[in-house]
Amino acid sequence: MSDEFLSTPDTGAVKLPALVFAPTGNAATDEALALFKEHLEVRNGARGNPWDRAVTVRDIQGMQEAFAALQQPKEAKDNEVVLDLGKAGSIPLAVDKFIEEIKKTKLFKDLLKSLDDPTRFDDLPAEIRDIVSKSVAEAALEQGTKITQVKKLIEDRYRKLAYQVDELFAAQDGNAAGIRETKWVIAETNFAQAGYIKQLQASLGNYYQDGSPGRASLEEQMTVTADRVTGLRAQYTMKVQAGGALAGYGLAAEEVNGKTSSAFIISADKFAVVSPTYNGGMTNTPALSMVPFGVDANGIYMNTSVYIKGSMRVDTGGKTLIQGLRGSVNIGVSGSFWSDTTARNAVWQQLGNGGSAANNNHLVIGDQVMISNGSSYSEARMWNGSSWANPGVIINGDMVVNGSLAAEKIDTRNLTIRDATGNVILGAGAKMDVAWLSNLGALGKKNNIQVNWVDSDVRLPDGSQMKATDFVNKLSKIGSGNIGVFMENAAIGNAYIGNAAVSTLTIQGNAVTVPVFASNPSGKSGTGFSNWTDVVSLNVVMDQAGWVYVHATAVITYGSGFRKVGTNLLVNGASVAGYEVDTGYISVSHAYAFYASAGSNNIVTLRFKGDTPSSINDAMLFAIGSKR
């Protein structure tokens, strides 16, 4: 085919007319025409296996243009990396832009909403939103243990809605659990939607110190939406929440104005791919090979080999990872003299090679070898690129200095100084021997210190001088008259004092706690089993937050006959303990502990009710707050 032919203007793809053959009356001719028609239609792609369709020059030209674009050299722009596809070419990828596009998706925003956020249902019909927005646990506490099913159909002129709600609730002593399944379908003039939400929640009342409940929740939401304005959308999310911890994943696909997109996003502190071959159970720690891939807030972990066909870019500047040089080694070998051959072979074998090295090609600058016999000989040298040279400073677990060491300071956590025979004379855990201390004059003496200095040797900050006798006398004669000279504004951390007289004692921070007590010996008489009467009450004022313990006691008398009585203990108006009985209830004892906030005024009351002539006597109420 000539270039002149290909340069002819393209008038568009040819659309062949349908082939229609009129019967000829000859069976053989009609069969041949039918086969000819089938062959043309298969080659044209109108029928048959698409793999048998003929390829046109236009098809080849389109592929050539695509490959030519890939083959063009690419340069990374700001916030871009270039992925090298080998012979296939390269493509640019904007990392930051990719992240921003993810953050803009509705799926990403929905996953980040907690299960306490009512806005997660903003795109649902109002009737459905009112149902699913309410906490399952709160509904269980309000309605009690029950099983319900609600079906409803709403039909207006321009709107049709049908939904079904199935609920299972259980509640006991402020604790609750519930399951809610909500299904709905809605159709309007330019809008249609179907949805299914499963909600599970368990709640413990008074779970936290502030009295708020602790809740664990699971929510699965599936919606499909067709809207003439916002387009087509299908989304699935699964989220779990325990207290403040939230995790979830989601799938979404949408088409808006002919533009399609899809996403799969996971939201969790940790994400890992675990081998399905692991069957050790939860009581055994799996081998590291069972978790080949993981992600957390610190980075991405790959615990196995990574295979990449092409180059790998490590930042937005377009740097490419290449095979680098190995790091230097620092090793020691046995010997009584220095040998370049011994050092060269030591590095060779350290790199995992067998036998002896033929040359120095395996050495890199910085390789360091120490040859030592452990006692009389030790020498270290470093490869400088052409020979083994004296490195000057060697750090190989120990520091070897052949000569003097001069430094402005030596900072060590385990200093040891030995004599010529190896005995420790000064170091961590060893005593200092006076025989190794010199030039101390009369000050140094074995097992004690002899004080014999000159006046001018000791000067105080104010410029005055102190003799040895002054120092001893002042220390031995500290009394009430001169204690301020030595201890003015002094602070004592820990001290034992046998007997002490204190003029003024100040204790900081409410360190002393005083209990509170109230009583009513004469008591109260019962005026009927349904009539409560206050017996004794007290206030507990907390300057600082802390725990308060209260204990109430009393004695009940009945008179004669059949009587019903009851008592209860109130804290700030709320009943926290109580007991009711027909007869035989004589000794009253109620105890309770609660956490009170700083600056609070807490009222504790013991109440009584009973049939006439029952009564409660010798009532006592005791409270103590642990403020520190």
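Computed from the coordinates by the stated procedures, all read-outs in this text should not be read as laboratory data. From a predicted model like this one, the values you see are computed outputs, not experimental measurements. A quick note on method: Cβ atoms are made from the backbone with ideal geometry, for glycine too, and the neighbour counts reach across all protein chains shown.
Packing-based ranking of 415-423, 52-60, 163-171 yields 163-171, 52-60, 415-423, ordered from highest to lowest mean Cβ neighbour count within 10 Å. A straight chain from His362 to Ser133 at 0.36 nm per residue would run longer than the Cα-Cα distance by 75.4 nm. On the beta carbon distance between Val581 and Lys270, with R0 = 56 Å, the FRET formula returns roughly 0.50. At an R0 of 35 angstrom, the distance between the Cβ atoms of Thr533 and Ser212 translates into a FRET efficiency of 0.55.
Local charge sum around Val347 (other residues, Cβ-Cβ under 14 Å, Lys/Arg +1, Asp/Glu -1)?
+1
With only the Cα atoms considered, the range 330-399 has a convex hull volume of 89 Å³ per residue.
Please give me the summed charge of the neighbours of Met620: other residues whose Cβ is under 15 Å from its Cβ, Lys and Arg +1, Asp and Glu -1. Mind dumping the intermediate values first?
Values: positive: Lys524, Arg607; negative: Asp534, Asp618.
Value of the local net charge: 0.
Extending 7 Å from the Cα toward the beta-carbon at both Asp543 and Lys198 defines two label points whose distance is 5.7 nm.
Could you rank the peptides 570-581, 336-347, 193-204 by their average count of other C-beta atoms within 10 Å per residue, with the highest value first? Provide the component values of the computation, followed by the final result.
Values: 570-581: 13.6, 336-347: 16.1, 193-204: 19.1.
Top of the packing list down: 193-204, 336-347, 570-581.
If R0 is taken as 35 Å, the Cβ-Cβ distance between Val57 and Lys109 corresponds to a FRET efficiency of 0.15.
Work out, step by step, the length gained on full extension between Asp462 and Ser336: first 0.36 nm times the residue separation, then minus their alpha carbon distance; give nm to one decimal.
39.1 nm
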